[in-house]
1. Excluding ligands and nucleic acids, what accessible area in Å² is computed for S36 using a 1.4 Å probe, to the nearest 10?
2. From the phi of every residue in the range 54-63, what ³J(HN,Hα) in whole Hz does the Karplus formula 6.51 cos²θ - 1.76 cosθ + 1.60 yield, where θ is phi - 60° and glycine or proline is x?
3. Which of rounded, prolate or oblate describes the range 10-65 when judged by the alpha-carbon gyration tensor and an a/c cut-off of 1.5?
4. Whole number please: convex hull volume per residue, Cα atoms of the chain, in Å³.
5. State in Å² the accessible area per residue of the chain; use a 1.4 Å probe, count heavy atoms of protein chains only, and round to the nearest integer.
6. Using helices alone, what [θ] at 222 nm do you get for the chain, with -39,500 (n - 2.57) per DSSP H run of 4 or more residues, divided over all residues and rounded to the nearest 500?
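The values are calculated or read from the model by the stated rules, or taken from the named source; none is laboratory data. Note that the coordinates shown come from a computational prediction; the quantities given were computed from them, not determined experimentally. Just the protein is used for accessible areas: all its heavy atoms, side chains included, with ligands, DNA and RNA removed. Shrake-Rupley method; radii C 1.70, N 1.55, O 1.52, S 1.80 Å.
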Amino acid sequence: MDIQNYCNDGVRRRDRLLDAGRAAELLRTGEYAVLSMVENRGGTPAGYGIPVSFVWDGGASVYIHCAPEGHKLGCLDACPGATLCVVGATRVVPRGFTTEYESVLLRGTVSRRLDEGERMEALRMIVGKYSPGHEEVGMRYAAASFYRTEVLRFTIESASGKCKRVAP
């Protein structure tokens, strides 16, 4: 699986590039991501970021489930452009005054009000990722709460990755 438009050309630290294979692995297995968007604070734009559960479809889309109302959805209705940052393994290295890390940054557009088929398929992928071995029960739960659940599609427009490795 390749990440749509993966390119590290804009990463300043050329010694910290995360290769595309490891970036794809992070998108497949990452526990959470931070969705960052623009909010309006009394006419002044400001950043707004929140952690979200997600699943990557292996192509150009990442799916996020949430409640069907709330501040995040208002922000996305006003400005659907967003970033999604998945952070993998981290390790603070006290003796080196640094942190070892790996991350993937996606830039894209978020869509809401997906058709029922796409929403249910996204929920199936989410259940499979976060509750392996419990898919049958998970899908019954997803079906029962389907109309109380929003599913967002983050369409990847570009992606890059960065890491820092510290010698033992």
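1. 40 Å²
2. Taking θ as phi minus 60°, the curve returns 8, 9, 9, 7, x, x, 9, 10, 10, 10 Hz for the range 54-63.
3. Numbers: a/c = 2.85, a/b = 1.43, b/c = 1.99.
It is oblate, given that a/c is not under 1.5 and a/b is not larger than b/c.
4. On the way: hull volume 24.2 nm³, N = 168.
Considering the Cα atoms of the chain, their hull volume per residue is 144 Å³.
5. Numbers: 9230 Å² over 168 residues.
Using a 1.4 Å probe on heavy atoms only, each residue of the chain averages 55 Å².
6. When only DSSP H runs of four or more count, the value is -7500 deg cm²/dmol.
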